[in-house]
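Reviewing the structure listed below.
What follows draws every value from the coordinates through simple rules; no lab data is involved. Note that the coordinates shown come from a computational prediction; the quantities given were computed from them, not determined experimentally. Cβ atoms come from the backbone with ideal geometry, glycine included; neighbour counts cover every protein chain shown.
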Amino acid sequence: MERRRILAAIGVGGAIGLAGCSSAFDGSDELPDDPPADAPASDCPETDVEPPTTLSSSALEPFVEAFEADYIPTTAAENARRSGFVEETRTAVETTVARIDASVSFSGASWDGKMLIRPPNEGDPGVVDESGGSSVEGVDENDTDVERVSTSDDQLSDAAQLVETINAVVETGESRTVTDADSLERLLNAGDFSDDFLLKHDGHILSVENDASQAEFHGDWIAAYLFTDEAVYRTTQWPEDRATLESNPIDVPDDEWKRLECWS
């Protein structure tokens, strides 16, 4: 039996965030006659997208674009975030099987290092001793060189984990180290990436020692989809160059397909 067939191409693709384009598979592109029966299951992102019930480019391409947008964040490393969109699609549809290759672009940021939140010392920049003794209870309002941040600011007020950590410093008088991405991102932005700054919380002043950094990144991959009436299969390839389908047509061996089991 012939294992491969060339499918007739139809449809025009869109994109999420950018105006996309779609090109047909040409005569050199061959698609599997049947999906692999023993394809392993693939992990699924949290998604509300349901696969279409008809195999048409007008239904399949929006599904791929939306599903990739949900899938991209799951590929981020620890303490990093990704988002992105489908830039370009190549679609081929037949009565019982369809194939879509999608050029996907992503960008994001990662956070590394730590921040130390602690009760202030009398010698900290911007801190003044208002008690006349050894305890520090205020800030020097004339010191304009020191960044000051309040947990009442929007970017900190709804950060439950961070606020819990800050409360612990206030209640125990002991320092706490922050390493999670969300807290680092919020504190870095609130403190304007200062090396050290003051943090005001419920009338208390704390010091923050910043030994954290943020790095931005971007990249591309090609996601290939195979659709049947019963299942959706997907695989990802990472070309050395930017993932454009014109310059990087892909061939997917049968053993690289994975069955998406996101839907009951």
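FRET efficiency for the pair D145 and N167, taken as 1/(1 + (r/R0)^6) with r the Cβ-Cβ distance and R0 = 22 Å, rounds to 0.20. Fully extending the segment from Q237 to K114, taken as 0.36 nm per residue of separation minus the present Cα-Cα distance, adds 40.9 nm. In this structure the amide hydrogen of D196, modeled in the peptide plane, comes within under 5 Å of the amide hydrogens of N210, none closer than 5 places in sequence on its chain.
Between E246 and T54, the modelled labels are 3.1 nm apart [label points 7 Å from Cα along Cα→Cβ].
Peptides 251-258, 184-191 ordered by packing proxy, namely the average of other Cβ atoms within 10 Å per residue, highest first: 184-191, 251-258. Placing dummy labels 7 Å off each Cα toward the beta-carbon, the span from D70 to D182 is 2.1 nm.
A straight chain from C44 to H218 at 0.36 nm per residue would run longer than the Cα-Cα distance by 60.4 nm.
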